[in-house]
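Structure first, commentary second.
The values are calculated or read from the model by the stated rules, or taken from the named source; none is laboratory data. The structure displayed is predicted, hence computed values, not measured ones. Note that we place each Cβ from the backbone using ideal geometry, even for glycine, and neighbour counts take in every protein chain shown.
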Amino acid sequence: MSEPHPPDPTYYDRPLLKEPIWEWAIPLYYYAGGLTGASLVLGAAAQLTGSKKLELLIRRCHWIGFFGAGISGGLLIYDLGRPSRFLNMLRVFRPTSPMNIGAWILTGVGGTATGTILFRGRARFLGGLGEAFGFTSGLLGMGLATYTGVLLGNSAIPLWQESRRVLPMLFGSSAMASVGSAFEMLVENSQQRRITRTFGILGQVAEVGAAIVMEKQASVVPRVGRPLKKGLSGAMWKTAALLTTGSIIIGILPKRTRSKRIAAGVLGTVGSLLMRFAVQHAGVVSSRDARASFHQQRAGVSAI
């Protein structure tokens, strides 16, 4: 058994924390949940305008919410192993637990998105009920797009803990970017694309800004911020930022052809998805680092 290094002691170079056991399904869940939530937020905002011209956009946002909630639930259940484990999380309501609140938010999103599709546009009471479901799904969508950032920041893993203030903003802005990128690739209607492109570019700019802030906050203790700069996680993190920046540049170029729109959409989608995998992998690397937690504690910046 190796002895600790005198100038930089640890407990025999053993990690203080257990690493996350989440598999590939969880970063995909971050992405799918963000896309779902931001779509419902955009749909609810379009509802507020009362414009008939936006009706197709509203319906598409709600359908994305409907299918996205199902996909998100499937990914979460896959990671949990059995459907009963997801249902067990709904046996209690614990506001102090981001994981428990997240399960309730996802359940609420699925229910309200379904209710919106079934009832919105019908006559009288049912139509009003559908409108209410649409607005409620938008409110819950904000929670779905950001709660995973709260969940990670609530952990003891040094990198995530030091980034706890910015992670919800990073995930929320990336969710907006995901919606804009999806519509760029898949929708031909120019009016819809104009709205979603603005929505998406705002999200991308905010995502890049939040990523810069996160790296700066985490690097207050250099050892804690190392996974965002070194190794595979650092390469993923930097590549994600480059892809998102490339999508922004293509998105604001004049003479927007279909090929440019698809290129911007693909770059934005891959960048948003890769960012989540980078955050996940960087957290694993941080948990394995025998010195990160000790450096964090000695610097006196630990949140726990």
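Is there a residue in the stretch 115-124 that is in a helix (DSSP H, G or I) and within 27 Å of Gly203 (Cα to Cα)? Checked against the condition, which is being in a helix (DSSP H, G or I) and within 27 Å of Gly203 (Cα to Cα), the stretch 115-124 yields at least one hit. The condition of being of a type outside the set (D, E, K, R) and surrounded by fewer than 20 Cβ atoms within 10 Å (Cβ to Cβ) holds for Ala235.
Listed here are the residues, each with its yes/no results for (1) under 28 Å from Gly268 (Cβ atoms); (2) touching a Gly at 6+ places or on another chain (Cβ under 9 Å); (3) of a type in the set (Ser, Thr, Tyr).
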position	(1), (2), (3)
Gly111	no, no, no
Leu118	no, yes, no
Gly121	no, yes, no
Gly128	no, no, no
Gly141	yes, yes, no
Ala145	yes, yes, no
Arg164	yes, yes, no
Met176	yes, yes, no
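Right, Ile250: in contact with a Lys or Arg (Cβ under 8 Å, 6 or more places away or on another chain) and more than 17 Å from Trp160 (Cβ to Cβ) or not? Against the criterion (in contact with a Lys or Arg (Cβ under 8 Å, 6 or more places away or on another chain) and more than 17 Å from Trp160 (Cβ to Cβ)), Ile250 qualifies.
The set of residues in the stretch 246-266 that are free of Cβ contacts under 8 Å to residues at least 40 places away in the same chain and closer than 25 Å to Gly149 by Cβ contains only Gly246.
Pairing each residue of the stretch 15-34 that is farther than 27 Å from Phe67 by Cα with any residue that is among the aliphatic types (A, V, I, L, M) and surrounded by 15 or more Cβ atoms within 10 Å (Cβ to Cβ), provided the two are 6+ apart or on different chains, yields C-beta distances under 8 Å for Pro15/Ala290; Leu16/Ala290; Leu17/Ala156; Leu17/Ile157; Glu19/Val284; Pro20/Ile157; Pro20/Val284.
For the stretch 139-157, a residue qualifies if it is under 20 Å from Gln280 (Cα atoms), more than 8 Å from the chain's Cα centre (by Cα) and among the small types (Gly, Ala, Ser), and the qualifying residues are Gly143, Gly153, Ser155, Ala156. Filter the stretch 78-127 down to residues that are farther than 21 Å from Phe67 by Cα and surrounded by 16 or more Cβ atoms within 10 Å (Cβ to Cβ), then give me how many there are. Residues that pass the stated criteria total 3. If you check Ala299, Ala241 for being at pLDDT 95 or above and out of contact with any Phe, Trp or Tyr (no Cβ under 8 Å at 6 or more places or on another chain), only one passes: Ala241.
In the list Met169, Met185, which residue meets the criterion of being in contact with a Ser or Thr (Cβ under 9 Å, 6 or more places away or on another chain), surrounded by fewer than 20 Cβ atoms within 10 Å (Cβ to Cβ), part of a helix (DSSP H, G or I) and modelled with pLDDT under 95?
Numbers: Met169 fails: modelled with pLDDT under 95.
Every option except Met185 fails the conditions.
Does the stretch 201-216 contain at least one residue that is without any contact (Cβ under 8 Å) to a residue 40 or more places away in the chain, surrounded by 15 or more Cβ atoms within 10 Å (Cβ to Cβ) and part of a helix (DSSP H, G or I)? Yes, the stretch 201-216 contains at least one residue that is without any contact (Cβ under 8 Å) to a residue 40 or more places away in the chain, surrounded by 15 or more Cβ atoms within 10 Å (Cβ to Cβ) and part of a helix (DSSP H, G or I).
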